[in-house]
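The values are calculated or read from the model by the stated rules, or taken from the named source; none is laboratory data. Not measured: the values here are computed from a predicted model. Using ideal geometry, Cβ is built from the backbone for each residue, glycine included, and neighbour counts are taken over all protein chains shown. The area values use the complete protein model at the heavy-atom level, side chains included, leaving out ligands, DNA and RNA. Shrake-Rupley method; radii C 1.70, N 1.55, O 1.52, S 1.80 Å.
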Amino acid sequence: MVAAAGVRSAFGVVMAIDAWLKWQPAFAAHYVGYLHNAANAQPAWLAPWFDFWLRIVPPNVDLFISATRWIESAVAVGLLLGLARRFTYIVGGLFSLLIWATAEGFGGPYTAGATNLGPALVYALVFVALILFARLLGSTPYSLDYFIERRFSFWGTLMEWAPRRLWQRTPPALDWPHQIAAILAIAVALVLAVGTLGSAVTAAPPTPERAAAAVSPLNLASSAPVAAAKPAALPPLLGDGNAVAVTIASTDTDVEIASGVQYRAWTFGGSVPGPVLHVRQGQTVNVTFVNHGNMAHSVDFHAAEVDPKVAYRDIAPGESLQFSFVARTPGAFVYHCGTQPVLLHMANGMYGAIIVDPVAPLPPADVSYVLVESEWYTHQSSGTLMAGDYPKMISVTPDEVVFNGIAFQYSDHPLTARAGQRVRFYFVNAGPNLTSAFHVIGEMFTAVYHDGDAKHALTGVSTYPIAPGQGVIFDVVPEQPGTYPLVDHSMRNMTLGAAGALQVTP
Ligand SMILES: [Cu+2]
């Protein structure tokens with residue numbers, strides 16, 4: 001009887017922590033994403049069941065979030081106090097089954113993969129065990145029910161599982177040694193429960209093979225807009241003289257790739273893409289590359305003409321490298337890590353843009369932006385933290401295609417210009433795999449400088465391809481105020497995040 005009460009209250013602690021997590025804003029922000037991800041991970045024959053929930057939940061999402069929070073909280077209180085046990089166990093068991101069947105199933109967002117049973121099913125089984133205990137043991141003095149039904153016997157009729165003769169008899173009073181043993185049993189059960197939960201929370205991330213393949217960062221993304229978009233404006237020149245110096249450090253950093261979703265990236269300068277470097281044609285660029293990462297990295301500048309075996313060689317963690325090049329050729333160029341496998345190093349975030357202004361200047365622009373397009377290939381590491389997925393990189397099945405690292409950030413926070421201004425886009429496609437088809441909906445490119453030379457400009461172009469590793473400069477002069485979407489006109493890439501907007505005011 002004491003052990004049964006101990007299991008019940010320990011499970012109550014687990015439920016209370018679970019309920020507390022449900023009250024966090026992040027849970028509400030990702031609620032619909034969890035359902036989508038769970039639905040994606042199921043076998044086909046379960047599709048109608050998951051489609052049913054996807055139809056009714058999103059339009060009533062606030063109701064479902066509130067219900068989840070209040071039901072879990074009520075069940076936690078019922079378990080901890082031993083209050084209304086019949087009601088608590090039935091509601092808790094059915095609720096756990098429903099959660100299992102809609103958000104977890106065979107590898108939903110909370111589970112490590114198809115080989116993981118899903119904790120809610122285990123919860124449901126614990127409720128069944130508690131019902132069996134209650135049925136066999138009757139009333140327990142370690143519950144609030146016990147004291148209520150001594151006073152009001154109808155409460156026992158409602159809330160007890162055992163026959164009346166079992167719960168109405170007075171349990172034998174415990175002597176001191178038994179009371180101490182009972183307190184110890186409950187304490188051990190509590191410690192076990194908290195320890196189990198703690199180890200689950202801090203468990204090592206699952207290996208890529210075991211991770212739920214279908215969990216998508218776009219589904220996981222918060223329903224709220226991206227908190228802050230990365231500045232896209234072309235930064236000033238690194239310097240005015242004949243030579244400029246730049247230091248780039250590689251770091252392992254978690255970066256945001258969609259609203260509220262992070263990625264375990266390898267970066268230049270702690271962000272993806274790395275910092276925009278802006279120099280003038282003819283300047284000597286003195287590069288210091290420092291490797292603060294956990295493996296060998298390197299840096300390859302498409303704006304340079306140097307011996308790659310020397311300048312682009314691998315640098316061990318903690319070491320650094322210096323080399324110089326003269327930026328002879330104007331244009332928009334990528335720089336990237338060239339360490340094997342290059343696909344993995346680039347797809348993990350090791351790229352940026354270097355802009356080389358021509359000596360014979362382009363027509364002056366009123367506003368200049370730098371857009372770096374790239375792909376993210378992910379699997380879920382834990383919660384809303386994603387990590388790289390090499391099989392997806394090889395098979396070119398990106399989860400996101402993005403401008404400046406974060407899906408849809410410039411849809412949430414549009415770039416701006418005024419009507420009649422010449423707006424310049426320095427567009428670099430870091431890839432690593434896909435060609436972009438840059439287009440401004442509602443506009444025509446006044447000029448496309450495919451090599452940074454004004455003499456070679458194309459005019460009147462609606463859409464223009466930029467291959468992986470290529471950079472192209474675009475001018476657009478919107479005459480009418482309005483919101484002009486900026487897209488990769490590959491509809492798949494646009495759907496996966498390569499979309500933004502240019503807000504033109506009078
Ligand atoms: Cu690298």
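Give the residues of segment 356-395 that are within 16 Å of the ligand (Cβ to nearest atom) and surrounded by fewer than 16 Cβ atoms within 10 Å (Cβ to Cβ), sorted by residue number.
Scanning segment 356-395 gives a single hit, Tyr390.
Scanning for something hydrophobic (A, V, I, L, M, F, W, C) and in contact with a Pro (Cβ under 8 Å, 6 or more places away or on another chain), does segment 327-343 turn up at least one residue?
Yes; the residues of segment 327-343 include at least one that is hydrophobic (A, V, I, L, M, F, W, C) and in contact with a Pro (Cβ under 8 Å, 6 or more places away or on another chain).
Would you pick out the residues in segment 313-355 that are assigned to a loop (DSSP other than H, G, I, E, B), more than 11 Å from the ligand (Cβ to nearest atom) and open to solvent by less than 10 Å² (accessible area, probe 1.4 Å)?
Answer for segment 313-355, where residues must be assigned to a loop (DSSP other than H, G, I, E, B), more than 11 Å from the ligand (Cβ to nearest atom) and open to solvent by less than 10 Å² (accessible area, probe 1.4 Å): just Ala327.
Could you list, in sequence order, the residues of segment 272-290 that are within 15 Å of the ligand (Cβ to nearest atom) and either under 23 Å from Ile257 (Cα atoms) or in a loop (DSSP other than H, G, I, E, B) (or both)?
Selection gives Val272, Pro273, Gly274.
Give segment 291-312 a look and list any residue that's over 30 Å from the mean Cα position of the chain (by Cα) and either loosely packed, with under 15 Cβ neighbours inside 10 Å or within 12 Å of the ligand (Cβ to nearest atom) (or both), or say none.
Glu305, Asp307, Pro308, Lys309, Val310, Tyr312
What's the total number of residues in segment 139-166 that are in a loop (DSSP other than H, G, I, E, B) and either hydrophobic (A, V, I, L, M, F, W, C) or within 48 Å of the chain's Cα centre (by Cα) (or both)?
9
Just give me the residues in segment 448-506 being acidic (Asp, Glu) and either out of contact with any strand residue (DSSP E or B) (no Cβ under 8 Å at 6 or more places or on another chain) or more than 19 Å from Ala407 (Cβ to Cβ) (or both), in sequence order.
Within segment 448-506, Asp451, Asp453, Asp475, Glu479 qualify.
Could you list, in sequence order, all residues of segment 131-144 that are open to solvent by less than 50 Å² (accessible area, probe 1.4 Å) and under 20 Å from Ile183 (Cβ atoms)?
Ser139, Thr140, Pro141, Ser143
Might you check whether a residue that is assigned to a strand (DSSP E or B) and among the basic types (Lys, Arg) occurs anywhere in segment 485-502?
no
In this structure, does Val402 turn out to be within 17 Å of Val487 (Cα to Cα) and either in contact (Cβ under 8 Å) with a residue 12 or more places away in the chain or open to solvent by less than 10 Å² (accessible area, probe 1.4 Å) (or both)?
Criteria met by Val402.
I need a count of the residues in segment 217-236 that are touching a strand residue (DSSP E or B) at 6+ places or on another chain (Cβ under 8 Å) and either surrounded by 15 or more Cβ atoms within 10 Å (Cβ to Cβ) or among the polar types (S, T, N, Q) (or both).
The number of residues fulfilling the criteria is 10.
Would you mention how many residues in segment 20-56 are within 19 Å of Ala221 (Cα to Cα), at pLDDT below 85 and assigned to a loop (DSSP other than H, G, I, E, B)?
Total meeting the criteria: 2.
Which residues, taken from segment 239-255, are open to solvent by 50 Å² or more (accessible area, probe 1.4 Å) and closer than 28 Å to Gly383 by Cβ?
Result: Asp252, Asp254.
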